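For reference, the structure is listed below as structure tokens.
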Amino acid sequence: MNKKTVLFFIISLIIGVCVFIFALTVGKYEISMSDFFKAVFTADESVATQRSIILNLRLPRTIIAALTGIGLSISGLLYQEIFQNKLVSPDLLGVSSGSAVGAAVAILLGFSSAIISLLSFCLGIVTVLITLILSRQFKNGKSITLILAGIIVGGFMSAALSMIKYFADPMTTLSTITYWLMGSFENSIMKKVYILLPIVLVCCIVLITISWRINVVALGQEEAQTKGINYKFYQLLIIGIATLLTASTVAFSGTISWIGLVVPHLVRLIVGRDTRRTIPLCITFGGIFMMLVDIFSRTFTSQELPVSAVTGLFGTVIFVVILLIRRRDYNVH
Amino acid sequence: MSINVQHLSYKYPSGKDDVIKNLNLSIKDGTITVFLGLNGCGKTTFIKLLAGLLKADSGEILYADKKVSGLSMKERSKIFAYVPQKTYSADDYFVKDYLTYGFINSLKFYQTPSSEQLDKVQTISERLSITHLLTKKMGQISGGERQIVSIASCLLQDTPIILLDEPTSALDLKNQNIVLSLLREITKEGKTIILSSHNPNHALFLESNVVLMDKGTIIKQGLCKEIIKVEVLKEIYGENICYSENLNYKEISFQ
């Protein structure tokens with residue numbers, strides 16, 4: 001990491017901690033800073049209600065939001081690098097569509113929240129596996145066939161989701177499915193944190209370890225292979241990590257759009273394309289972005305706003321600003 | 001340590017005919033070999049087979065009497081460095097970063113280039129007069145500069161053989177001269193250069209060995225002065241080919 005990256009990483013980390021603390025204090029039940037510190041660092045019984053709200057409701061919710069932001073930002077960045085296309089999202093190989101079908105089936109059959117998450121996660125992974133198997137049938141080993149297979153399988157899953165929604169009861173299950181598809185951190189509990197945290201942590205450690213190599217993989221198959229990289233292995237590893245991150249976050253929070261596109265672009269605008277610099281900043285920026293979105297979604301109106309609607313509103317505006325700043329670059333090429 | 005190609009054949013999965021047909025060839029160490037021929041004659045395919053980007057249907061490639069077909073890409077990248085025709089996916093990388101990627105086959109998966117290796121980047125850049133490009137992005141430099149940077153990356157990869165797929169195809173005359181002069185200089189250090197080209201004058205300039213290809217087979221091979229003759233080239237390029245020799249230059253052109 002160069003000095004600029006270290007500086008931005010430290011600044012964003014400090015901002016991230018501030019936003020995290022702020023997220024624990026704001027909401028329908030306002031908690032003052034003095035009450036917050038008393039509730040967290042003392043056993044004072046006068047702030048028992050505040051402590052319960054912070055530890056049981058807001059802490060898991062904020063952690064899940066931050067982890068979701070990290071997971072989706074990094075997987076967006078990885079897909080964009082691997083497929084050499086800055087406009088692809090984490091759903092390129094159908095993972096979100098598959099997860100959505102898994103969750104919709106579980107909701108339709110009346111399963112519990114845990115089973116909804118499990119089925120959503122499993123079907124997200126299975127969808128990407130089907131995409132990989134289908135692309136192999138074309139036998140030309142090119143990235144474009146993988147993208148094509150992703151579009152086909154993703155399209156199939158979207159059609160399946162439409163069918164499920166058609167058969168769902170409009171008064172009960174359909175609204176639940178629709179609400180799930182719009183993304184929410186409302187049902188976050190510490191048990192989900194204990195599952196999601198190690199997944200995101202391990203994925204981040206692996207990615208930071210191989211971050212320099214990802215640059216070479218991003219040069220494309222010809223150059224990467226002749227420079228001595230086992231391209232297919234790294235391509236599969238990176239797709240595997242991106243899929244795991246997307247499927248696990250979507251399973252707990254529903255489908256959330258735009259963040260996987262906006263955060264990598266924002267980070268690249270600041271530190272360039274080198275993944276040694278972009279991955280650490282995607283972690284901090286992605287976490288901050290999603291925590292802010294969560295704060296907004298639960299405080300802007302008396303009713304909670306769907307997360308995907310908020311990421312879409314902010315994401316599109318930020319994306320336009322990035323495009324305007326980088327206008328000159330896009331004109332050159 | 002020479003390259004020996006024995007009965008090499010290759011057909012693209014989607015194609016009907018062999019693009020490379022029972023090719024036999026020997027390339028000596030420390031030489032420049034230029035592959036000439038029309039579009040689709042198999043030049044690029046042959047270079048890709050050497051680089052390991054394509055897998056031959058039959059036949060063998062031997063280097064120092066050892067088969068290279070069983071080698072992993074990492075082992076192979078210690079023998080062959082490759083300069084593709086286009087490197088557009090590197091546009092957003094800084095030249096200094098791109099050059100370091102030449103070291104990847106000598107590093108473990110968790111390692112990044114050492115300070116010694118970074119010094120080597122500086123040394124090679126000074127030698128090839130590209131230090132002023134190091135802080136620029138690959139997309140901001142000219143086509144000629146880009147080819148020199150790619151060749152510099154191959155030198156940092158430190159392989160005995162450098163493969164170049166039409167390295168001058170997108171360059172103006174001045175940049176063609178710079179790149180070809182650089183290749184001639186590198187060969188003096190003992191490197192083996194294999195390149196494909198559409199221009200027989202490049203072979204004349206490099207005073208190289210020439211392999212003339214047509215429809216996947218070798219029509220003629222030998223020293224440039226034996227092959228770059230009007231009657232030989234007419235077989236490939238047609239009747240309008242002519243050759244002029246003056247005090248200062250030799251040139252193949254069309255009438």
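The values are calculated or read from the model by the stated rules, or taken from the named source; none is laboratory data. Computed from a predicted structure; not experimentally measured. Quick reminder, even Gly has a Cβ in these numbers, built from the backbone with ideal geometry, and neighbours come from all protein chains shown.
For residues in region B:109-129 being in contact with a helix residue (DSSP H, G or I) (Cβ under 9 Å, 6 or more places away or on another chain) and more than 20 Å from A:Lys227 (Cα to Cα), which is surrounded by the most Cβ atoms within 10 Å (Cβ to Cβ)?
Filtering region B:109-129 for residues in contact with a helix residue (DSSP H, G or I) (Cβ under 9 Å, 6 or more places away or on another chain) gives B:109-114, B:117-118, B:120-122, B:124-125, B:127-129.
Within this subset, residues satisfying the condition of being more than 20 Å from A:Lys227 (Cα to Cα) are B:127-129.
Details: B:Arg127: 13, B:Leu128: 19, B:Ser129: 11.
So the residue we want is B:Leu128.
Would you pick out the residues in region A:178-232 that are in contact with a Leu (Cβ under 7 Å, 6 or more places away or on another chain) and surrounded by fewer than 19 Cβ atoms within 10 Å (Cβ to Cβ)?
The answer is A:Leu197, A:Ile199.
Within the set of pairs 6 or more residues apart or between chains, which connect a residue that is closer than 18 Å to B:Thr192 by Cα inside region B:1-25 to a residue that is assigned to a loop (DSSP other than H, G, I, E, B) with Cβ atoms less than 8 Å apart?
The qualifying pairs are B:Met1/B:Asp29; B:Met1/B:Ala64; B:Met1/B:Pro160; B:Ser2/B:Lys28; B:Ser2/B:Asp29; B:Ser2/B:Ala64; B:Asn4/B:Asp65.
Considering only region A:211-222, I want to know if a residue exists there that is of a type in the set (A, V, I, L, M, F, W, C), within 14 Å of chain B (Cβ to nearest Cβ), within 26 Å of A:Ile318 (Cα to Cα) and not in a helix (DSSP H, G or I).
Yes: one or more hits.
Yes or no, residue by residue, for (1) more than 30 Å from A:Ala23 (Cα to Cα); (2) touching a strand residue (DSSP E or B) at 6+ places or on another chain (Cβ under 8 Å); (3) modelled with pLDDT under 95; (4) not small (Gly, Ala, Ser):
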site	(1), (2), (3), (4)
A:Ile177	no, no, yes, yes
A:Trp180	no, no, yes, yes
A:Gly220	yes, no, yes, no
A:Thr226	yes, yes, yes, yes
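Check whether at least one residue in region B:26-45 is in a helix (DSSP H, G or I) and among the hydrophobic types (A, V, I, L, M, F, W, C), and report yes or no. Break it down into steps so the answer makes sense when it comes.
Within region B:26-45, the subset in a helix (DSSP H, G or I) is B:43-45.
Narrowing the set further to residues that are among the hydrophobic types (A, V, I, L, M, F, W, C) leaves none.
The answer is no; no qualifying residue exists.
Could you tell me whether any residue of region A:179-201 is hydrophobic (A, V, I, L, M, F, W, C), at the interface with chain B (Cβ under 8 Å from one of its Cβ atoms), out of contact with any Cys (no Cβ under 7 Å at 6 or more places or on another chain) and over 23 Å from A:Asn56 (Cα atoms)?
Step one: list which residues in region A:179-201 are hydrophobic (A, V, I, L, M, F, W, C), which gives A:180-182, A:185, A:189-190, A:193, A:195-197, A:199-201.
Now narrow it down to the ones that are at the interface with chain B (Cβ under 8 Å from one of its Cβ atoms): none.
No; the residues of region A:179-201 include none that is hydrophobic (A, V, I, L, M, F, W, C), at the interface with chain B (Cβ under 8 Å from one of its Cβ atoms), out of contact with any Cys (no Cβ under 7 Å at 6 or more places or on another chain) and over 23 Å from A:Asn56 (Cα atoms).
What residue, of B:Leu54, B:Leu8, B:Leu99, B:Leu38, is more than 9 Å from every other protein chain (Cβ to nearest Cβ), surrounded by fewer than 16 Cβ atoms within 10 Å (Cβ to Cβ) and either closer than 30 Å to B:Leu134 by Cα or in contact with a helix residue (DSSP H, G or I) (Cβ under 8 Å, 6 or more places away or on another chain) (or both)? Spell out the reasoning first.
Numbers: B:Leu54 fails: surrounded by fewer than 16 Cβ atoms within 10 Å (Cβ to Cβ); B:Leu8 fails: surrounded by fewer than 16 Cβ atoms within 10 Å (Cβ to Cβ); B:Leu99 fails: surrounded by fewer than 16 Cβ atoms within 10 Å (Cβ to Cβ).
Answer to the selection: B:Leu38.
Report, by residue number, each residue of region B:156-177 that is without any contact (Cβ under 8 Å) to a residue 60 or more places away in the chain, under 15 Å from the mean Cα position of the chain (by Cα) and assigned to a helix (DSSP H, G or I).
Hit for region B:156-177 is B:Gln176, nothing else.
Yes/no matrix, rows are residues, columns are (1) surrounded by 14 or more Cβ atoms within 10 Å (Cβ to Cβ); (2) within 23 Å of A:Ala242 (Cα to Cα); (3) within 14 Å of chain B (Cβ to nearest Cβ):
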{"residue": "A:Leu134", "(1), (2), (3)": "yes, yes, no"}
{"residue": "A:Lys142", "(1), (2), (3)": "no, yes, yes"}
{"residue": "A:Thr145", "(1), (2), (3)": "yes, yes, yes"}
{"residue": "A:Met157", "(1), (2), (3)": "yes, yes, no"}
{"residue": "A:Ala160", "(1), (2), (3)": "yes, no, no"}
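Among the residues of region B:57-82, count how many are crowded, with 17+ Cβ neighbours inside 10 Å, closer than 19 Å to B:Phe35 by Cα and free of Cβ contacts under 8 Å to residues at least 60 places away in the same chain.
1
Could you tell me whether B:Ser106 is surrounded by 15 or more Cβ atoms within 10 Å (Cβ to Cβ), hydroxyl-bearing (Ser, Thr, Tyr) and either within 14 Å of chain A (Cβ to nearest Cβ) or free of Cβ contacts under 8 Å to residues at least 12 places away in the same chain (or both)? Give the derivation first.
Values: surrounded by 15 or more Cβ atoms within 10 Å (Cβ to Cβ): yes; hydroxyl-bearing (Ser, Thr, Tyr): yes; either within 14 Å of chain A (Cβ to nearest Cβ) or free of Cβ contacts under 8 Å to residues at least 12 places away in the same chain (or both): yes.
Against the criterion (surrounded by 15 or more Cβ atoms within 10 Å (Cβ to Cβ), hydroxyl-bearing (Ser, Thr, Tyr) and either within 14 Å of chain A (Cβ to nearest Cβ) or free of Cβ contacts under 8 Å to residues at least 12 places away in the same chain (or both)), B:Ser106 qualifies.
Can you name the residue in region B:130-141 that is in a helix (DSSP H, G or I) and in contact (Cβ under 8 Å) with a residue 40 or more places away in the chain and is also surrounded by the most Cβ atoms within 10 Å (Cβ to Cβ) among such residues?
Filtering region B:130-141 for residues in a helix (DSSP H, G or I) gives B:131-133, B:138-140.
Right, trim to in contact (Cβ under 8 Å) with a residue 40 or more places away in the chain and you get B:138-139.
Working: B:Met138: 21, B:Gly139: 15.
Checking each candidate, the answer is B:Met138.
Does region A:279-289 contain any residue that is touching a Gly at 6+ places or on another chain (Cβ under 6 Å), among the hydroxyl-bearing types (Ser, Thr, Tyr) and at pLDDT 95 or above? If you could, list the steps in order and put the result at the bottom.
Here is the first cut: in region A:279-289, the residues touching a Gly at 6+ places or on another chain (Cβ under 6 Å) are A:284, A:286-289.
Going one step further and asking which of them are among the hydroxyl-bearing types (Ser, Thr, Tyr), we end up with A:284.
From what is left, the residues that are at pLDDT 95 or above are A:284.
Yes, region A:279-289 contains at least one residue that is touching a Gly at 6+ places or on another chain (Cβ under 6 Å), among the hydroxyl-bearing types (Ser, Thr, Tyr) and at pLDDT 95 or above.
Give region B:88-105 a look and list any residue that's part of a helix (DSSP H, G or I), touching a Lys or Arg at 6+ places or on another chain (Cβ under 6 Å) and farther than 13 Å from A:Ala224 by Cα, or say none.
Of everything in region B:88-105, just one residue is part of a helix (DSSP H, G or I), touching a Lys or Arg at 6+ places or on another chain (Cβ under 6 Å) and farther than 13 Å from A:Ala224 by Cα, namely B:Val95.
Return the residues of region A:1-48 that are in a helix (DSSP H, G or I), among the charged types (D, E, K, R) and exposed (fewer than 14 other Cβ atoms within 10 Å of the Cβ); say none if nothing qualifies.
We begin by selecting, within region A:1-48, every residue in a helix (DSSP H, G or I); these are A:3-25, A:33-41, A:45-48.
When the remaining residues are screened for being among the charged types (D, E, K, R), the result is A:3-4, A:35, A:38, A:45.
If the condition is that a residue be in a helix (DSSP H, G or I), among the charged types (D, E, K, R) and exposed (fewer than 14 other Cβ atoms within 10 Å of the Cβ), then A:Lys3, A:Lys4, A:Glu45 are the ones that fit.
Test B:Thr31 against the stated conditions and say whether it is under 18 Å from the mean Cα position of the chain (by Cα), more than 14 Å from chain A (Cβ to nearest Cβ) and β-branched (Val, Ile, Thr).
Details: under 18 Å from the mean Cα position of the chain (by Cα): yes; more than 14 Å from chain A (Cβ to nearest Cβ): yes; β-branched (Val, Ile, Thr): yes.
When the stated conditions are applied, B:Thr31 passes them.
Matching residues to (1) in contact with an Asp or Glu (Cβ under 7 Å, 6 or more places away or on another chain); (2) in contact (Cβ under 8 Å) with a residue 60 or more places away in the chain; (3) assigned to a helix (DSSP H, G or I); (4) not charged (D, E, K, R):
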{"site": "A:Ile239", "(1), (2), (3), (4)": "no, yes, yes, yes"}
{"site": "A:Val262", "(1), (2), (3), (4)": "no, yes, yes, yes"}
{"site": "A:Leu266", "(1), (2), (3), (4)": "no, no, yes, yes"}
{"site": "A:Gly287", "(1), (2), (3), (4)": "no, yes, yes, yes"}
{"site": "A:Leu305", "(1), (2), (3), (4)": "no, no, no, yes"}
{"site": "A:Leu313", "(1), (2), (3), (4)": "no, no, yes, yes"}
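Could you please find all residues in region B:142-179 being within 12 Å of chain A (Cβ to nearest Cβ) and surrounded by fewer than 20 Cβ atoms within 10 Å (Cβ to Cβ)? Write out each step before concluding.
From region B:142-179, those within 12 Å of chain A (Cβ to nearest Cβ) are B:150, B:153-154, B:156-159, B:161-165; that's our starting set.
Once the filter is applied, which keeps residues that are within 12 Å of chain A (Cβ to nearest Cβ) and surrounded by fewer than 20 Cβ atoms within 10 Å (Cβ to Cβ), region B:142-179 yields only B:Asp158.
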